[in-house]
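Participant: Below are the structure tokens for one structure; questions will follow.
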Amino acid sequence: MGEPVRAAISCRLSKVGGRSVERQEEDGHKLAAERGWEVVSVFKEHGSASPHARKARKQWTALVQAVEAGEFDAVILWAEDRSSRDVLAAGELVKAAQSVGMTRLVLPSLNYDLTDPEDVTKFYGEIAMAQREAAKTSKRTKRALLERAQNGEPNHGGMRAFGHPGWVKVMDENGQWRTVPIVSEERAAKERALIDQAADRIIAGDSLRGICSDWNGRNIASSRNGPWRNNTLRNMLLSSRMIGKREHNGVLYDGNPKDIPPILTEAKWYAVKAVLEDPSRRTTMRAGVPAHLCTGLLFCGVCGRPLRARMMTGKTRHPYRVYYCASPNVRGAYCVARNADRVDELITEAFFASIETEDFSDAAKGLQADDPTQPFYARLAELQALKDSLEDKFARDVIKEPAFVRNMATFEAEEAQCWASIERLKEGRVRAHLPRNVRELWPSYSLDRKRAILRVVIDRIEVLPQSGAAFDPAAVRLVVKGWT
């Protein structure tokens, strides 16, 4: 007797769940035992075998590579479409087998001899039929999803959306299924009010981190009943459901008000999008954003370098913060170093004094009444609606391609002009949301919002050398931006 035939079993199921993969393996082992073959490897995976699948098939790739390495004499499949629904992928397996002389491709009801062109063609034919069915299923699914989007219906499944009561099916005492809200409308209304406040705070210069810290401190749970994180809040604020829209493949459709109630005005939503999607926002800084009020505004009065912050321990062994110049002088000491708490207090008080003057009030009257960026965001919302309408007319063949291209170019050119104007008025947006009673509200602001406000009022802060150990306010020079 010669050496036993080395066999590999390949099992696949599109979705996780059930015992189908295990049953395929059992049938494979049974088939190998009947033929006296030795099963040396089993490849099990959960995932689509369609050419439209997004997830890579790691186990399938491993099987093809092992076949190409000559590790098997036969491959056992439960059915052709369990191996692949892509003729090109099936061809990879056949070519790999033929390159090393592996001839057996075995199913419970059929044997394929890979040396026989007719068998190979038949195998490809079965795969092609499976691929056609996968394509038809994909087409039907995509059409159904598009229809749901066009009707303004929300996506199936998923977690309850923050600001929406949600729904769940429960069985009553009579054994009947009923649809009931997950949370009360009162709670959903409070959540919508929080979303609106968060949008205002983002536009006014606050950060995602500041809002999350505030909400977590107030025990405001997310829709998953967990803490808020920056990416969770960002994704929610950028969602088209904020304006009662349903997004599908990059196109916005009007949502059903019952299922997708609008929470923000379109102008406010586009303003939030502009802030959160601004490429200049720094999202890769260690620990998120600076943890000190004046970082980035402080400069050495000797060498001009930016000051850094650090913790130090004094003679009393109590730690305290200092702002210092990282460039040592010829004696090895820092150019300047100053108590950070004293500097923060001094700058904050100077800031209050600067905005509480009559000159400041006169210069800010127009800005405080309106956000200077609002007209541009409103126009952007109108332009988006015009573009959507234009695309719809083109799709229905109401207008021809030349007219579509010409009008779309006009709208996009005006959009670019709006974004350019918004870029110039970024600081004006924060100024416009600066309340007159900012001194009273200051303790309630997050560190990030405080920093954003200081940046639109203060140009730079220079820390000069001082004599003696006592803190000298005169050695800190504040340069305020002009408000003309």
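The values are calculated or read from the model by the stated rules, or taken from the named source; none is laboratory data. Not measured: the values here are computed from a predicted model. Cβ coordinates were reconstructed from backbone atoms using ideal geometry, including for glycine residues, and neighbour counts include every protein chain displayed. Just so you know, the surface numbers come from the protein's heavy atoms only, side chains and all, with ligands and any DNA or RNA stripped out. Shrake-Rupley method; radii C 1.70, N 1.55, O 1.52, S 1.80 Å.
Participant: With (1) under 19 Å from Leu478 (Cα atoms); (2) at pLDDT 85 or above as the list, and Arg321 as the residue in question, which single condition is left unmet?
Facilitator: Just one mismatch for Arg321, condition (1).
Participant: In addition: Check off (1) open to solvent by 70 Å² or more (accessible area, probe 1.4 Å); (2) of a type in the set (D, E, K, R); (3) touching a residue at least 12 places away in the same chain (Cβ under 8 Å) for Lys142 and give me the number that stays unchecked.
Facilitator: Status for Lys142: all satisfied but (3).
Participant: Find the residue count for segment 248-273, including only residues that are within 15 Å of the chain's Cα centre (by Cα) and buried (at least 16 other Cβ atoms within 10 Å of the Cβ).
Facilitator: 2
Participant: Do any residues in segment 385-404 that are open to solvent by less than 90 Å² (accessible area, probe 1.4 Å) have Cβ atoms under 6 Å from those of residues that are not in a helix (DSSP H, G or I), where the two are at least six apart or on different chains, and which pairs are they?
Facilitator: Lys393/Ile399
For (1) under 23 Å from the mean Cα position of the chain (by Cα); (2) under 25 Å from Ala385 (Cβ atoms), each residue gets a yes or a no:
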residue: Thr179; (1), (2): no, no
residue: Asp200; (1), (2): yes, yes
residue: Ile203; (1), (2): yes, yes
residue: Ser213; (1), (2): yes, no
residue: Ile220; (1), (2): yes, no
residue: Arg229; (1), (2): yes, no
residue: Met236; (1), (2): yes, yes
residue: Ser239; (1), (2): yes, yes
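Participant: So which residues in segment 101-128 are in a strand (DSSP E or B), crowded, with 16+ Cβ neighbours inside 10 Å and either β-branched (Val, Ile, Thr) or over 48 Å from the mean Cα position of the chain (by Cα) (or both), if there are any at all?
Facilitator: Val106
Participant: Name the residue that is nearest to Ile458 (Cα to Cα), counting only residues in segment 277-295 that are modelled with pLDDT under 85 and open to solvent by less than 60 Å² (accessible area, probe 1.4 Å).
Facilitator: Restricting to residues being modelled with pLDDT under 85 and open to solvent by less than 60 Å² (accessible area, probe 1.4 Å), the top hit is Pro290.
Participant: Listed residues Val479, Val463; which is buried (at least 17 other Cβ atoms within 10 Å of the Cβ) and more than 37 Å from the chain's Cα centre (by Cα)?
Facilitator: Answer to the check: Val463.
Participant: Exactly one condition in (1) surrounded by fewer than 19 Cβ atoms within 10 Å (Cβ to Cβ); (2) modelled with pLDDT of 75 or more is false for Leu380; which is it?
Facilitator: (1)
Participant: Select from segment 248-264 the residues that are β-branched (Val, Ile, Thr) and modelled with pLDDT of 90 or more and list them in ascending order.
Facilitator: Ile263
Participant: Out of segment 74-99, which residues are surrounded by 14 or more Cβ atoms within 10 Å (Cβ to Cβ), assigned to a helix (DSSP H, G or I) and among the hydrophobic types (A, V, I, L, M, F, W, C)?
Facilitator: Once the filter is applied, which keeps residues that are surrounded by 14 or more Cβ atoms within 10 Å (Cβ to Cβ), assigned to a helix (DSSP H, G or I) and among the hydrophobic types (A, V, I, L, M, F, W, C), segment 74-99 yields Val87, Ala89, Ala90, Leu93, Val94, Ala96, Ala97.
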